[in-house]
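A short write-up of the structure that comes next.
The values are calculated or read from the model by the stated rules, or taken from the named source; none is laboratory data. If you're wondering where the values come from, they're calculated on a predicted model, not measured in any experiment. Quick reminder, even Gly has a Cβ in these numbers, built from the backbone with ideal geometry, and neighbours come from all protein chains shown. Ligands, DNA and RNA are stripped out before the accessible areas are found, and what is left, the full protein with its side chains, is counted by its heavy atoms. Shrake-Rupley method; radii C 1.70, N 1.55, O 1.52, S 1.80 Å.
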Amino acid sequence: RADRALYKVKSSGRGSFYYHDDILDAEELKKRRLASEVRSAVQDSSLALAFQPIYDLKKLEFCGAEALIRWGNPQTPELQPNDLIRIAEETGAINEIGTWVLNESLSRARAWPDDLTLSVNVSPSQLGRGVFRDLVAASLSHHNVAPERLELEITEQVLIKDENNTIAELKEIQATGVRIVLDDFGTGYASLSYLQKFPFDKIKVDRSFVSGDSLGAQSRAIVSSIATLARELGIPCTVEGVESQQKLDQIVALGCDFAQGFYLSEPIKAEAFHFQKELMFFVA
Ligand code: C2E
Ligand code: MG
Ligand code: MG
Ligand code: MG
(Lines give C-alpha, C1' and ligand atoms only; values in the text may rest on other atoms or scores of the structure.)
(Ligands and ions follow the chains in the order given, each with its own letter.)
Protein backbone atom coordinates (compact mmCIF):
# COMPACT_ATOMS: atom_id res chain seq x y z
CA ARG A 1 0.00 0.00 0.00
CA ALA A 2 1.34 3.38 -1.05
CA ASP A 3 0.12 5.24 2.02
CA ARG A 4 2.01 3.13 4.51
CA ALA A 5 4.30 5.03 6.86
CA LEU A 6 7.93 4.21 6.25
CA TYR A 7 10.34 4.11 9.18
CA LYS A 8 14.07 3.80 9.20
CA VAL A 9 15.55 1.23 11.56
CA LYS A 10 17.79 3.44 13.67
CA SER A 11 20.00 0.77 15.17
CA SER A 12 21.04 -0.81 11.87
CA GLY A 13 22.26 2.52 10.44
CA ARG A 14 22.64 0.89 7.04
CA GLY A 15 19.53 2.02 5.39
CA SER A 16 17.25 -0.87 6.29
CA PHE A 17 13.63 0.06 6.23
CA TYR A 18 10.51 -1.50 7.45
CA TYR A 19 6.87 -0.67 7.28
CA HIS A 20 5.26 0.47 10.48
CA ASP A 21 2.15 -1.49 9.52
CA ASP A 22 4.16 -4.66 9.25
CA ILE A 23 5.08 -4.43 12.90
CA LEU A 24 1.52 -3.86 13.97
CA ASP A 25 0.43 -6.65 11.69
CA ALA A 26 2.72 -9.26 13.23
CA GLU A 27 0.28 -9.78 16.13
CA GLU A 28 -2.66 -9.72 13.77
CA LEU A 29 -1.00 -12.19 11.39
CA LYS A 30 -0.24 -14.54 14.22
CA LYS A 31 -3.85 -14.35 15.32
CA ARG A 32 -5.07 -15.03 11.78
CA ARG A 33 -2.71 -17.95 11.38
CA LEU A 34 -3.89 -19.43 14.67
CA ALA A 35 -7.49 -18.80 13.70
CA SER A 36 -7.06 -20.66 10.43
CA GLU A 37 -5.31 -23.50 12.25
CA VAL A 38 -8.24 -23.69 14.63
CA ARG A 39 -10.68 -23.75 11.72
CA SER A 40 -8.79 -26.49 9.91
CA ALA A 41 -8.45 -28.42 13.16
CA VAL A 42 -12.24 -28.52 13.31
CA GLN A 43 -12.46 -29.57 9.65
CA ASP A 44 -9.86 -32.35 9.73
CA SER A 45 -11.09 -33.43 13.14
CA SER A 46 -7.65 -32.95 14.61
CA LEU A 47 -9.07 -31.87 17.93
CA ALA A 48 -8.93 -34.26 20.82
CA LEU A 49 -10.57 -34.72 24.20
CA ALA A 50 -9.33 -35.59 27.64
CA PHE A 51 -11.52 -36.60 30.57
CA GLN A 52 -10.78 -35.65 34.14
CA PRO A 53 -12.58 -37.80 36.73
CA ILE A 54 -14.69 -36.11 39.41
CA TYR A 55 -14.76 -37.64 42.87
CA ASP A 56 -17.79 -37.82 45.16
CA LEU A 57 -16.56 -36.96 48.65
CA LYS A 58 -19.67 -38.37 50.36
CA LYS A 59 -19.81 -41.69 48.52
CA LEU A 60 -16.01 -41.93 48.25
CA GLU A 61 -16.03 -42.91 44.61
CA PHE A 62 -15.63 -41.40 41.16
CA CYS A 63 -18.99 -40.20 39.92
CA GLY A 64 -18.29 -38.63 36.55
CA ALA A 65 -15.78 -36.78 34.41
CA GLU A 66 -15.25 -33.41 32.77
CA ALA A 67 -14.49 -33.26 29.04
CA LEU A 68 -11.53 -30.98 28.29
CA ILE A 69 -10.48 -30.02 24.80
CA ARG A 70 -6.96 -30.85 23.61
CA TRP A 71 -4.96 -29.83 20.57
CA GLY A 72 -4.83 -32.99 18.50
CA ASN A 73 -2.53 -32.03 15.62
CA PRO A 74 1.09 -33.05 16.29
CA GLN A 75 2.30 -31.19 13.12
CA THR A 76 1.51 -27.77 14.55
CA PRO A 77 2.64 -26.18 17.82
CA GLU A 78 0.27 -27.06 20.62
CA LEU A 79 -2.36 -24.53 21.58
CA GLN A 80 -3.35 -24.49 25.25
CA PRO A 81 -7.09 -25.03 25.83
CA ASN A 82 -7.63 -21.50 27.16
CA ASP A 83 -5.99 -19.95 24.05
CA LEU A 84 -7.72 -22.34 21.71
CA ILE A 85 -11.11 -21.46 23.18
CA ARG A 86 -10.39 -17.73 23.18
CA ILE A 87 -9.35 -17.75 19.51
CA ALA A 88 -12.35 -19.88 18.66
CA GLU A 89 -14.62 -17.40 20.43
CA GLU A 90 -13.05 -14.45 18.60
CA THR A 91 -13.41 -16.09 15.19
CA GLY A 92 -16.78 -17.76 15.63
CA ALA A 93 -15.26 -21.27 15.31
CA ILE A 94 -16.53 -21.88 18.86
CA ASN A 95 -19.87 -23.09 17.56
CA GLU A 96 -18.29 -25.85 15.48
CA ILE A 97 -15.91 -26.72 18.30
CA GLY A 98 -18.75 -26.78 20.83
CA THR A 99 -20.77 -29.07 18.59
CA TRP A 100 -17.82 -31.39 18.15
CA VAL A 101 -17.04 -31.48 21.90
CA LEU A 102 -20.63 -32.25 22.83
CA ASN A 103 -21.04 -35.03 20.26
CA GLU A 104 -17.63 -36.58 20.82
CA SER A 105 -17.93 -36.58 24.62
CA LEU A 106 -21.47 -37.98 24.54
CA SER A 107 -20.38 -40.74 22.18
CA ARG A 108 -17.75 -41.71 24.77
CA ALA A 109 -19.99 -41.26 27.80
CA ARG A 110 -22.65 -43.60 26.44
CA ALA A 111 -20.20 -46.46 27.02
CA TRP A 112 -19.66 -45.57 30.68
CA PRO A 113 -21.71 -47.09 33.51
CA ASP A 114 -24.96 -45.17 33.34
CA ASP A 115 -24.84 -43.57 36.76
CA LEU A 116 -21.76 -41.59 35.76
CA THR A 117 -22.12 -37.97 34.75
CA LEU A 118 -20.47 -36.10 31.90
CA SER A 119 -19.51 -32.44 32.37
CA VAL A 120 -19.07 -30.30 29.27
CA ASN A 121 -17.80 -26.71 29.23
CA VAL A 122 -19.94 -24.25 27.34
CA SER A 123 -18.79 -20.91 26.05
CA PRO A 124 -20.92 -17.75 26.39
CA SER A 125 -21.01 -17.23 22.65
CA GLN A 126 -22.73 -20.57 22.09
CA LEU A 127 -25.81 -19.37 23.96
CA GLY A 128 -28.67 -16.98 23.43
CA ARG A 129 -30.00 -18.04 20.04
CA GLY A 130 -31.65 -21.34 20.88
CA VAL A 131 -29.22 -23.20 18.61
CA PHE A 132 -27.37 -24.80 21.50
CA ARG A 133 -30.61 -25.88 23.20
CA ASP A 134 -31.58 -27.78 20.04
CA LEU A 135 -28.10 -29.24 19.69
CA VAL A 136 -28.13 -30.58 23.26
CA ALA A 137 -31.53 -32.23 22.78
CA ALA A 138 -30.52 -33.76 19.44
CA SER A 139 -27.13 -35.03 20.66
CA LEU A 140 -28.56 -36.58 23.81
CA SER A 141 -31.16 -38.43 21.84
CA HIS A 142 -28.73 -39.42 19.08
CA HIS A 143 -26.30 -40.92 21.58
CA ASN A 144 -29.09 -42.26 23.75
CA VAL A 145 -27.77 -40.62 26.93
CA ALA A 146 -30.23 -39.53 29.66
CA PRO A 147 -30.29 -35.72 30.15
CA GLU A 148 -29.76 -36.26 33.90
CA ARG A 149 -26.26 -37.54 33.14
CA LEU A 150 -25.17 -34.31 31.45
CA GLU A 151 -23.82 -31.25 33.27
CA LEU A 152 -23.05 -28.06 31.38
CA GLU A 153 -20.40 -25.85 32.97
CA ILE A 154 -20.70 -22.14 32.37
CA THR A 155 -18.19 -19.59 33.62
CA GLU A 156 -19.32 -16.45 35.33
CA GLN A 157 -18.56 -14.24 32.35
CA VAL A 158 -21.25 -15.99 30.34
CA LEU A 159 -24.28 -14.12 31.57
CA ILE A 160 -22.87 -10.68 30.91
CA LYS A 161 -23.71 -10.52 27.21
CA ASP A 162 -27.29 -10.86 26.12
CA GLU A 163 -28.32 -11.85 29.60
CA ASN A 164 -32.05 -12.38 29.10
CA ASN A 165 -31.74 -14.67 26.09
CA THR A 166 -28.93 -16.62 27.72
CA ILE A 167 -30.90 -17.16 30.92
CA ALA A 168 -33.99 -18.16 28.94
CA GLU A 169 -32.04 -20.72 26.91
CA LEU A 170 -30.31 -22.16 29.97
CA LYS A 171 -33.69 -22.56 31.68
CA GLU A 172 -35.07 -24.41 28.67
CA ILE A 173 -32.10 -26.76 28.71
CA GLN A 174 -32.41 -27.22 32.48
CA ALA A 175 -36.10 -28.06 32.13
CA THR A 176 -35.13 -31.13 30.09
CA GLY A 177 -33.20 -32.53 33.06
CA VAL A 178 -29.68 -31.36 32.13
CA ARG A 179 -27.87 -29.72 35.06
CA ILE A 180 -26.32 -26.29 34.79
CA VAL A 181 -23.13 -25.66 36.77
CA LEU A 182 -21.53 -22.33 37.59
CA ASP A 183 -17.82 -22.89 36.83
CA ASP A 184 -14.82 -21.01 38.25
CA PHE A 185 -16.97 -19.51 40.98
CA GLY A 186 -15.47 -16.55 42.80
CA THR A 187 -13.19 -15.30 40.04
CA GLY A 188 -15.51 -13.12 37.99
CA TYR A 189 -17.34 -10.29 39.58
CA ALA A 190 -21.05 -10.16 40.36
CA SER A 191 -20.95 -13.88 41.16
CA LEU A 192 -23.54 -13.53 43.89
CA SER A 193 -25.95 -11.70 41.65
CA TYR A 194 -25.69 -14.52 39.11
CA LEU A 195 -26.76 -16.96 41.77
CA GLN A 196 -29.85 -14.85 42.23
CA LYS A 197 -30.60 -14.50 38.54
CA PHE A 198 -30.20 -18.13 37.61
CA PRO A 199 -31.03 -21.31 39.55
CA PHE A 200 -27.72 -23.15 39.11
CA ASP A 201 -27.71 -26.82 40.05
CA LYS A 202 -24.12 -26.83 41.31
CA ILE A 203 -21.23 -24.48 42.04
CA LYS A 204 -17.64 -25.18 41.11
CA VAL A 205 -15.09 -23.33 43.23
CA ASP A 206 -12.27 -21.92 41.13
CA ARG A 207 -8.95 -23.68 41.52
CA SER A 208 -7.13 -20.43 42.33
CA PHE A 209 -8.62 -20.68 45.84
CA VAL A 210 -6.92 -23.97 46.50
CA SER A 211 -3.51 -23.40 44.91
CA GLY A 212 -0.40 -24.13 46.94
CA ASP A 213 0.39 -27.13 49.11
CA SER A 214 -2.32 -26.66 51.66
CA LEU A 215 -5.09 -24.19 52.26
CA GLY A 216 -4.08 -21.14 54.26
CA ALA A 217 -6.45 -19.42 56.65
CA GLN A 218 -7.73 -17.09 53.93
CA SER A 219 -8.42 -19.77 51.35
CA ARG A 220 -10.08 -21.89 54.04
CA ALA A 221 -12.37 -18.99 54.93
CA ILE A 222 -13.29 -18.46 51.29
CA VAL A 223 -13.88 -22.11 50.41
CA SER A 224 -15.80 -22.61 53.65
CA SER A 225 -18.06 -19.64 52.86
CA ILE A 226 -18.75 -20.91 49.37
CA ALA A 227 -19.54 -24.39 50.74
CA THR A 228 -21.95 -22.83 53.27
CA LEU A 229 -23.52 -20.66 50.59
CA ALA A 230 -24.06 -23.71 48.36
CA ARG A 231 -25.55 -25.68 51.25
CA GLU A 232 -27.99 -22.90 52.09
CA LEU A 233 -28.97 -22.62 48.45
CA GLY A 234 -29.60 -26.35 48.56
CA ILE A 235 -27.05 -27.21 45.87
CA PRO A 236 -23.77 -29.16 45.98
CA CYS A 237 -20.34 -27.67 45.42
CA THR A 238 -17.26 -29.04 43.68
CA VAL A 239 -13.70 -27.94 44.36
CA GLU A 240 -11.31 -28.11 41.41
CA GLY A 241 -7.52 -28.08 41.51
CA VAL A 242 -7.06 -30.47 44.44
CA GLU A 243 -3.38 -31.38 44.29
CA SER A 244 -2.62 -33.04 47.62
CA GLN A 245 -4.03 -35.33 50.30
CA GLN A 246 -3.86 -32.44 52.73
CA LYS A 247 -6.10 -30.28 50.57
CA LEU A 248 -8.46 -33.16 50.00
CA ASP A 249 -8.82 -33.60 53.77
CA GLN A 250 -9.30 -29.87 54.23
CA ILE A 251 -12.07 -29.52 51.70
CA VAL A 252 -13.83 -32.57 53.12
CA ALA A 253 -13.71 -30.92 56.55
CA LEU A 254 -15.18 -27.75 55.04
CA GLY A 255 -18.19 -29.71 53.79
CA CYS A 256 -17.56 -29.68 50.04
CA ASP A 257 -19.36 -32.38 48.05
CA PHE A 258 -17.20 -33.13 45.02
CA ALA A 259 -13.52 -32.79 44.18
CA GLN A 260 -11.42 -32.75 41.07
CA GLY A 261 -7.67 -32.30 40.71
CA PHE A 262 -4.33 -33.76 39.79
CA TYR A 263 -4.08 -35.54 43.14
CA LEU A 264 -7.20 -37.56 42.36
CA SER A 265 -6.50 -37.87 38.66
CA GLU A 266 -5.06 -35.77 35.88
CA PRO A 267 -7.10 -35.41 32.69
CA ILE A 268 -6.76 -38.66 30.69
CA LYS A 269 -6.79 -38.93 26.90
CA ALA A 270 -10.20 -40.07 25.71
CA GLU A 271 -8.80 -43.23 24.06
CA ALA A 272 -7.16 -44.29 27.31
CA PHE A 273 -10.04 -43.39 29.57
CA HIS A 274 -11.79 -46.29 31.27
CA PHE A 275 -13.77 -45.68 34.37
CA GLN A 276 -12.45 -47.14 37.57
CA LYS A 277 -15.08 -46.16 40.01
CA GLU A 278 -13.61 -48.28 42.74
CA LEU A 279 -10.26 -46.42 42.83
CA MET A 280 -10.12 -45.37 46.46
CA PHE A 281 -8.71 -42.31 48.13
CA PHE A 282 -8.25 -42.08 51.83
CA VAL A 283 -10.17 -39.28 53.36
CA ALA A 284 -9.40 -38.45 56.99
P1 C2E B 1 -12.09 -25.41 33.56
O2 C2E B 1 -13.40 -25.75 32.96
O3 C2E B 1 -12.12 -24.69 34.85
O4 C2E B 1 -11.31 -26.79 33.66
C5 C2E B 1 -10.42 -27.12 34.69
C6 C2E B 1 -8.99 -26.86 34.28
O7 C2E B 1 -8.15 -27.08 35.41
C8 C2E B 1 -8.47 -27.79 33.20
O9 C2E B 1 -7.51 -27.05 32.44
C10 C2E B 1 -7.76 -28.88 34.01
O11 C2E B 1 -6.76 -29.58 33.29
C12 C2E B 1 -7.15 -28.03 35.11
N13 C2E B 1 -6.90 -28.78 36.35
C14 C2E B 1 -7.62 -29.79 36.87
N15 C2E B 1 -7.09 -30.21 38.04
C16 C2E B 1 -6.00 -29.44 38.26
C17 C2E B 1 -5.03 -29.39 39.33
O18 C2E B 1 -5.06 -30.14 40.31
N19 C2E B 1 -4.05 -28.45 39.21
C20 C2E B 1 -3.99 -27.60 38.15
N21 C2E B 1 -2.99 -26.72 38.12
N22 C2E B 1 -4.88 -27.63 37.13
C23 C2E B 1 -5.88 -28.53 37.20
P24 C2E B 1 -7.47 -27.08 30.85
O25 C2E B 1 -7.78 -28.45 30.35
O26 C2E B 1 -6.20 -26.44 30.43
O27 C2E B 1 -8.69 -26.16 30.43
C28 C2E B 1 -8.68 -24.80 30.72
C29 C2E B 1 -10.02 -24.17 30.49
O30 C2E B 1 -10.34 -24.18 29.09
C31 C2E B 1 -11.17 -24.87 31.16
O32 C2E B 1 -11.22 -24.52 32.53
C33 C2E B 1 -12.34 -24.34 30.37
O34 C2E B 1 -12.72 -23.06 30.82
C35 C2E B 1 -11.73 -24.21 28.97
N36 C2E B 1 -12.15 -25.39 28.18
C37 C2E B 1 -11.58 -26.63 28.10
N38 C2E B 1 -12.26 -27.42 27.25
C39 C2E B 1 -13.31 -26.68 26.80
C40 C2E B 1 -14.40 -26.92 25.88
O41 C2E B 1 -14.59 -28.02 25.34
N42 C2E B 1 -15.26 -25.87 25.66
C43 C2E B 1 -15.12 -24.66 26.26
N44 C2E B 1 -16.00 -23.68 25.98
N45 C2E B 1 -14.12 -24.40 27.13
C46 C2E B 1 -13.22 -25.39 27.39
MG1 MG C 1 -15.05 -26.60 33.65
MG1 MG D 1 -13.25 -24.37 36.40
MG1 MG E 1 -11.34 -22.31 34.09
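Computed quantities for the displayed model
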item	result
FRET efficiency estimate (nearest 0.05) - Cβ-Cβ, R33 to Q196, R0 30 angstrom	0.10
Three-way shape call for the chain based on the alpha-carbon gyration tensor, with the a/c threshold at 1.5	prolate
For region 258-273, 3J(HN,Hα) per residue [Karplus equation, 6.51 cos²θ - 1.76 cosθ + 1.60, θ = phi - 60°, Hz, x = Gly/Pro]	10, 9, 8, x, 4, 5, 7, 5, 6, x, 10, 3, 3, 5, 9, 8
Long-range HN-HN contacts of I54 with modeled amide H, under 5 Å	C63, G64, A65, E66
Fraction of accessible area attributable to carbon and sulfur, the chain (%, probe 1.4 Å)	51
Point-to-point label distance, T187-A146, nm (Cα→Cβ direction, 7 Å offset)	3.2
Prolate/oblate/rounded label for region 52-142 (Cα gyration tensor, a/c 1.5)	oblate
Region 167-284 shape via C-alpha gyration tensor axes, a/c threshold 1.5	oblate
0 to 90° range, to nearest 10: angle between helix 217-233 axis and the chain longest Cα axis	60
Segment S214-D115, extension gain: residue separation times 0.36 nm, minus the distance between their alpha carbons	32.5 nm
Helix-only mean residue ellipticity at 222 nm for the chain, each DSSP H run of n ≥ 4 adding -39500 (n - 2.57), per residue, nearest 500	-12500 deg cm²/dmol
Computed label-point distance, nm, for sites R231 and E90 using a 7 Å Cα→Cβ extension	4.4
Residues whose placed amide H lies under 5 Å from that of S46, excluding near-sequence neighbours	none
Extended-chain gain in nm, criterion 0.36 nm per residue less alpha-carbon gap, A168 and A253	26.9 nm
Most fluctuating residue given options Q196, Q52, Q126, as computed from a GNM of the chain linking Cα atoms under 10 Å	Q196
About the Cα centre, charge dipole magnitude for the chain (Lys/Arg +1, Asp/Glu -1 at Cβ), debye	580
Which listed pairs, of K59/K171; K31/K202; K171/K247; K197/K247; K204/K269, have C-alpha distances above 26 Å, in listed order	K59/K171; K31/K202; K171/K247; K197/K247
Other-chain or far-sequence residues with amide H under 5 Å of E243's (modelled H)	Y263
